[in-house]
Amino acid sequence: MLDLQRLRALHAVSVHGTVGAAASALGYTPSAVSQQIAKLERETRTVLLEREGRGVRLTADAEQLVDAAQELLAIVERTETELERRRGEPSGRLTMAAFASAARGLMPSVLADLAARHPALDVRLSEIDPHLSVGMVAKGAVDLVVAHDWDVAPLRMPPGVERAVIGDDHCTLLVPEGHPFADRASVRREELGGQRWVCQPPGRVCHDWLVRTLRAIGHEPEIVHQADENPTLVALVAAGLGISVIPRLGRGQLPPGVVELPLEPMPVRRLYALWREGASRRPAITETVRTLRELWPKVAGDADR
């Protein structure tokens, strides 16, 4: 008999790419994951992982086992969902992934609210960007994802995943004091060409928005500095090193030397909750999504002030 926990470990390595990342997602040590896979190799009498540089590569036999594991884990999820639904209370472990500014600006209040009202529910949060987390929820690596898209960079939904809108996060233009835009009441998108920009790296939704927006008005963006965290981008603007378009959620108070301006039309980042279709009736999912949507107006109002 194949052990489900060992299959889960192999599936996690397939999703996350390394034993260390799989261990972190599962809440184990890397050695524990390695031991699980070693036992699975002995049970199946086949090699499942091969060294590739500093990481590992799944063999063809391992890929077949991963496909089977995904089907089995889906069956287990549906069974657990039905049992939890029959109890009628959110319970058990719920793994979540949220992008950085949502993890900082939205999730603390949501997690605290859930912990106070549903002590039998054990929510575990990881900070992961949507370009990775959306695929993870589709593959069963996490249960629920908070992701986002922009008006010119829509979120691509994998098959078998459902979503609900949480709310809209407004984005504004930040420029250093003394910049030609600093004394303006607002700035039109058509005026953004020829600027030096600070933004997130390629592959991030914010980066894609900037590139697509400027190319739409006939300009190639001159991106001079890149950083993952919005507070770092704000600090670069404050130092006079460029301008940036940054969402308000999780941004915090602006430091001296930074001027905030509305763009016309204002960019909007829409937040979504995503989960697998098989878990749609699970009380832990429905209650967490409800809490996200219920608390969003207050969080968004605080961010806009």
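The values are calculated or read from the model by the stated rules, or taken from the named source; none is laboratory data. Because the structure is predicted, anything quoted here is derived from the model rather than measured. All Cβ positions, even for glycine, are placed from backbone atoms using ideal geometry, and neighbour counts span all protein chains on display. Heads up: the accessible areas ignore ligands, DNA and RNA and are worked out on the full protein's heavy atoms, side chains in. Shrake-Rupley method; radii C 1.70, N 1.55, O 1.52, S 1.80 Å.
Rounded to the nearest 0.05, the FRET efficiency derived from the C-beta distance between ASP304 and GLU77 at R0 = 45 Å is 0.75.
Share of carbon and sulfur in the accessible area of the chain stands at 50%, probe radius 1.4 Å. Full extension of the chain between ALA60 and ARG87 yields a length gain of 5.6 nm, computed as 0.36 nm times the residue separation minus the alpha carbon distance. The base-10 log of I(q)/I(0) for the stretch 108-255, evaluated at q = 0.09, 0.10, 0.13 Å⁻¹, reads -0.36, -0.44, -0.70 [Debye formula, identical scatterers on Cα atoms, solvent excluded]. Between the residues GLY27, PRO159, GLY240, the greatest Cα displacement towards the positive end of the dipole of the chain, with unit charges on the Cβ of Lys, Arg, Asp and Glu, is found for GLY27. Percent of C-alpha pairs per 5 Å bin in the stretch 173-305, short distances first: 2, 9, 17, 20, 18, 12, 8, 6, 5, 2, 0.
Among ASP169, ASP3, the order of accessible area from largest down is ASP3, ASP169, computed with a 1.4 Å probe on protein heavy atoms.
Put a plus charge on the Cβ of each Lys and Arg, a minus charge on the Cβ of each Asp and Glu, and nothing anywhere else: the dipole of the chain about its Cα centre is then about 480 debye. Here the spin labels are modelled as points 7 Å beyond Cα on the Cα-Cβ line, and at ARG117 and SER24 they lie 3.1 nm apart. Placing a label point 7 Å from the Cα of GLU222 along the Cα-to-Cβ direction, the residues of the stretch 161-196 with a backbone N closer than 14 Å are 180, 192-196.
Residue-normalised convex hull volume from the C-alpha trace of the chain: 149 Å³ per residue. A dipole drawn for the chain from +1 and -1 charges on Cβ atoms has a positive end, and of ALA62, VAL211, ASN230 the residue lying farthest that way is ALA62.
Kirkwood analysis of the Cα pair distances in the stretch 67-119 returns a hydrodynamic radius of 13.3 Å. Ranking PRO130, ALA120, THR95 by Cα position along the charge dipole of the stretch 85-140, where only Lys, Arg, Asp and Glu carry charges on their C-beta atoms, puts ALA120 farthest toward the positive end.
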